[in-house]
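K.L.:
The structure under discussion is supplied below as C-alpha cells; questions concerning it will follow.
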Amino acid sequence: MYDWLNALPKAELHLHLEGSLEPELLFALAERNKIALPWADVETLRSAYAFNNLQEFLDLYYQGAAVLRTEQDFYDLTWAYLQRCKAQNVIHTEPFYDPQTHTERGIPFEVALNGIATALKDGRQQLGISSGLILSFLRHLPEEHAQKTFEQALPYRDAFFAVGLDSSEMGNPPSKFQRVFDRARSEGFLTVAHAGEEGPPEYIWQALDLLKVSRIDHGVRASEDPLLMQRLIDEQIPLTVCPLSNTKLCVFEDMKHHNILDMLEQGVKVTVNSDDPAYFGGYVTENFAALHQSLGMTEEQAKRLAQNSLDARLVKG
Ligand SMILES: Nc1ncnc2[nH]cnc12
Ligand SMILES: [Zn+2]
C-alpha cells in the first residue's frame, strides 16, 4: 500500500539500536542467555507498550536491553535492523547505541561495540547500506560516567564518528555534559544531542551553543520559540524528527497535531526517523505513512523529507 514511500531512497538519522529489539528477538535472546522474563509471552510484552511519557518508555527499554549479553547478541540485533533498512530502501543509517546501558550492568565495553561494528561492516559489504555509529551518553547519569565511557571508547575510535546524548531529558540539560562534549570534539568527533523532545526550547539553544551539535535529535519544541526557529532555518540545522515516537510518548496528543510538515514548509531541515521502532509501531516507512494518513503529506513533501535525510548525513558514502 505504501510502496511509493518504501521506494524513496532515504537515510535514517535517529535510531537507537536497543530500540529496534523486536519482542520476538528479545524472547529468543532471553532463552539463549537463560534469562527469566517477567512477561509470559511476546503478546503480553507487546501489550505493555503503552506509555504516557518518555520515562515510562525508558523504564521498559532498559529492561528489554538486559537480554543483550554477548557480541553475537549485539550482532544479531544490528543485523535484524539492517534487514529492515534493506526492505524499506534505507540506503544509509547513522544509529545510536548507549554503551552505559550495557557497561552499567557488567557487560565489558567492547562486547557491544564489536558486535555492532561487525554487523555494520557486513551491512556495507553484503547489503550495500552505508553507515556511521553514534555513541550516545545517558543524560540521567552523572557527567563523570560519560567521561569515563568516552575514555573507554577512545581505543575503538574508528568504530564511531560522533557522540550523542539521550535518555531522560527533563532536569538533565545539555549544559550538564559540556565538558565531555568539548573533549569529544577536541578528539575530532562530531556531536548530536536529543533536545526539545520533552524539554524546553532552552535545551535546544544549549545543545547548539554549548555542545556545538551538527543536528538536533527531535527538536519539535523549537516551534515554541520564533528566534530559535529563525536560527534553525538560517543555519539549516537538521532536526531528526520521530513522528510515531512523539505520539506514542504523548509529546503530541494525536498525529493530526504533529508539527513536522509545518516546520518543513517554514524551511526547517526536518527529517523522518523511527527512534525505537520495535516499541513505537514501525520503521521509517511506517513513519512516513502516518504523516500521509494523518497530515495529508503529499508525494512532493515526502520527496523533500527523504532528500533532507540524505542531505543531513554526517558520514558520507
Ligand atoms: N526517544 C528517546 N528519547 C530519549 N532517549 C531515548 N533513548 C531511546 N529512545 C529515546
Ligand atoms: Zn531518540
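K.L.:
Pick out, in residue order, every one of the chymotrypsin sites (Phe, Trp or Tyr not before Pro) in the range 262-317 that is DSSP loop and has at most 12 other C-beta atoms within 10 Å; say none if there are none.
P.N.:
For chymotrypsin sites (Phe, Trp or Tyr not before Pro) across the range 262-317 that sit outside H, G, I, E and B with at most 12 neighbouring Cβ atoms in 10 Å, the list is empty.
K.L.:
Could I ask something else about it? Round to the nearest 0.05 the FRET efficiency obtained for MET170 and ARG32 when R0 = 30 Å and r is the Cβ-Cβ distance.
P.N.:
After rounding, the FRET efficiency stands at 0.25.
K.L.:
Sticking with this one: Please report, in Å, the Rg and the Dmax of the chain, where both are computed over Cα atoms only.
P.N.:
My reading of the Cα-based Rg and Dmax gives 18.2, 53 Å.
K.L.:
What's the center-to-center distance, using Cα atoms, between the range 271-317 and the range 35-67 in Å?
P.N.:
25
K.L.:
Among the lysines, which have Cα under 24 Å from the Cα of LYS121 when same-chain residues fewer than 8 positions away are ignored?
P.N.:
Those lysines meeting the cut-off are LYS10, LYS86, LYS316.
K.L.:
Sort 26-38, 213-225, 98-110, 146-158 for me by packing, meaning the mean count of neighbouring Cβ atoms within 10 Å per residue, highest on top.
P.N.:
Taking the mean over residues of other Cβ atoms within 10 Å, the ranking is 213-225, 98-110, 146-158, 26-38.
K.L.:
Using θ = phi - 60° and the Karplus relation 6.51 cos²θ - 1.76 cosθ + 1.60, list the HN-Hα couplings for the range 129-134 in order, rounded to whole Hz, with x at every Gly or Pro.
P.N.:
Coupling constants for the range 129-134: 9, 7, 7, x, 9, 10 Hz.
K.L.:
Tell me the net charge near SER131. Cut-off is 14 Å between Cβ atoms, SER131 excluded, with +1 for each Lys or Arg and -1 for each Asp or Glu.
P.N.:
With Lys, Arg at +1 and Asp, Glu at -1, the net is +3.
K.L.:
Normalised by the empirical 2.2 N^0.38 Å for globular proteins, what value does the Cα Rg of the range 39-192 take?
P.N.:
Normalised by 2.2 N^0.38 Å, the Cα Rg of the range 39-192 equals 1.08.
K.L.:
Hey, what does the equivalent ellipsoid look like for the range 1-104, semi-axes from the Cα gyration tensor as sqrt of 5 times each eigenvalue, largest first, whole Å?
P.N.:
25, 16, 15
K.L.:
Count the net charge of all other residues whose Cβ sits under 13 Å from the Cβ of ALA278, scoring Lys and Arg as +1 and Asp and Glu as -1.
P.N.:
Result for the neighbourhood of ALA278: -3.
K.L.:
If you plug each phi of the range 148-164 into the Karplus form 6.51 cos²θ - 1.76 cosθ + 1.60 with θ = phi - 60°, what whole-Hz ³J(HN,Hα) values come out, in order, with x for Gly and Pro?
P.N.:
5, 4, 5, 4, 5, 7, 3, x, 10, 4, 6, 7, 9, 10, 8, 10, x
K.L.:
How far apart, in nanometres, would the label points at ASP254 and ASP122 be if each is projected 7 angstrom from Cα along the Cα-to-Cβ direction?
P.N.:
Placing both labels 7 Å beyond Cα along the Cβ direction yields 4.5 nm.
K.L.:
If the only charges are +1 at each Lys and Arg Cβ and -1 at each Asp and Glu Cβ, what is the size of the charge dipole of the range 144-240 around the Cα centre, to the nearest 20 debye?
P.N.:
320
K.L.:
How far, in nm, would the chain grow between LEU154 and TYR2 when pulled straight, counting 0.36 nm per residue and subtracting the alpha carbon separation?
P.N.:
50.5 nm
K.L.:
Label-point separation (nm) for HIS145 and ASP41, each offset 7 Å from Cα along Cα-to-Cβ?
P.N.:
About 3.6 nm, to one decimal.
K.L.:
OK, next. Strictly greater than 18 Å: what percent of every Cα pair in the range 126-248 meets that?
P.N.:
51
K.L.:
So if we plug the beta-carbon distance of TYR62 and GLU235 into 1/(1 + (r/R0)^6) with R0 = 51 Å, what FRET efficiency do we get, rounded to 0.05?
P.N.:
Efficiency, rounded to the nearest 0.05: 0.90.
K.L.:
List the aspartates and glutamates whose Cα lies under 17 Å from the Cα of LYS303, skipping any in the same chain that are fewer than 8 positions away.
P.N.:
ASP3, GLU12, ASP262, GLU265, GLU286, ASP311
K.L.:
Net charge near PHE161, counting Lys/Arg +1 and Asp/Glu -1 over other residues with Cβ under 13 Å of its Cβ?
P.N.:
+2
K.L.:
In whole percent, and with a 1.4 Å probe on the protein chains, what portion of the accessible area of the range 1-312 is carbon and sulfur?
P.N.:
51
K.L.:
Once R0 is set to 35 Å, what does the formula 1/(1 + (r/R0)^6) return for the Cβ-Cβ distance between GLU110 and ALA87, expressed as a FRET efficiency to the nearest 0.05?
P.N.:
Using R0 = 35 Å, I get an efficiency of 0.70.
K.L.:
Only helical DSSP H runs with n ≥ 4 go in: add -39500 (n - 2.57) per run for the chain, normalise by residue count and round the 222 nm mean residue ellipticity to 500 deg cm²/dmol.
P.N.:
The helix-only estimate for the chain comes to -13500 deg cm²/dmol at 222 nm.
K.L.:
Which listed residue (TYR61, THR118, ASN33) has the Cα farthest towards the positive end of the charge dipole for the range 1-135, taking +1 on Lys and Arg C-beta and -1 on Asp and Glu C-beta about the Cα centre?
P.N.:
Positive-end residue among those listed: THR118.
The values are calculated or read from the model by the stated rules, or taken from the named source; none is laboratory data. Since this is a predicted model, take the numbers as computed values, not measurements. Please note: Cβ atoms are built from the backbone with ideal geometry, for glycine as well, and neighbour counts cover all protein chains shown. Protein only, heavy atoms only, side chains kept; ligands, DNA and RNA dropped before computing areas. Shrake-Rupley method; radii C 1.70, N 1.55, O 1.52, S 1.80 Å.
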